Amino acid sequence: MLDKTDRLIIDVLQQDGRASVETVADRIGLTPTPTRRRIRRLERDGAITTYAAIADPEQCDLAMTVYVFVRLEHRSLKHIDKFERAIRNLAEVVRCDLVSGSYDYLMLIHLQDMATYNQYLHSVIANVPGIAQIESSVVIGNIKSTHRLALTRG
């Protein structure tokens, strides 16, 4: 279980993953040595999973964001496993979640434009094994986008 100090450390690193141990220590009110120990423990225990640069899709020529809802033909372990293995190998799919409700999965994809998505839909997604139904929703505008968890609020 994370304590208040662990949450503060993660919050600082979510804002700036390149912050030095000294900077993190200063922001949370500890000295560098215990801060370093805590960061290492958080990494070892999996509370901090990775450090990454977050790219702007539009700046990377991937201005079209699409949510793709997928319903499987069969929900047997064999069919689920085939579908999930195939999706893990698709670089364009940046997120795929198993969801409740009318659909089985929700995927997030960033592509150049509608023509590219149409081609991708017909040549790639349609060939993923086990799909019974696909519904797409194109993002018209982004209201909020963050990777930061609300660990120190409320």
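A few comments on the model shown:
- Cα-based convex hull volume of the chain per residue, rounded to whole Å³: 159 Å³
- Choice from Thr33, Thr65, Thr116 with maximal GNM fluctuation in the chain (Cα, 10 Å cutoff): Thr33
- Compactness ratio for segment 50-99: Cα radius of gyration over 2.2 N^0.38 Å (N = residue count) comes to 1.45.
- Centre separation in Å (Cα based) which lies between segment 1-59 and segment 62-110: 31 Å
- The residues of segment 1-100 expose, per residue, 70 Å² of accessible area to a 1.4 Å probe.
- 21 Å tail of the calculated P(r), segment 14-98, as % of Cα pairs: 57 percent
- Dipole of the chain, positive direction: furthest Cα of Leu42, Leu90, Ile125, with charges on the beta-carbon: Leu42
- For segment 32-135, GluC sites (Glu not before Pro) meeting the loop criterion (DSSP other than H, G, I, E, B) and having at most 16 other Cβ atoms within 10 Å: Glu58, Glu73, Glu92.
- The tail of the calculated P(r) for segment 62-129, taken as Cα-Cα distances beyond 19 Å, holds 29 percent of the pairs.
- Net charge dipole size for segment 88-154 [Lys, Arg +1 and Asp, Glu -1 on Cβ; Debye, nearest 20]: 400 debye
- Ile39 accessible area, assembled protein chains, probe 1.4 Å, Å²: 20 Å²
- Here the gap between Glu73 and Asn89, fully extended at 0.36 nm per residue and compared with their Cα-Cα distance, gives a gain of 3.7 nm.
- Accessible surface of Ser136, taken over heavy atoms with a 1.4 Å probe and every protein chain present, rounds to 50 Å².
- Across Thr31, Thr23, the residue with the most accessible area heads the list, and the full order at a 1.4 Å probe is Thr31, Thr23.
- Within the chain: Cβ-based charge dipole about Cα centre, in debye rounded to nearest 20 (Lys, Arg +1; Asp, Glu -1): 720 debye
The values are calculated or read from the model by the stated rules, or taken from the named source; none is laboratory data. None of the values given here were measured: they were computed from a predicted structure. Quick reminder, even Gly has a Cβ in these numbers, built from the backbone with ideal geometry, and neighbours come from all protein chains shown. We work out accessible area using only protein heavy atoms, side chains counted, and drop any ligands, DNA or RNA first. Shrake-Rupley method; radii C 1.70, N 1.55, O 1.52, S 1.80 Å.
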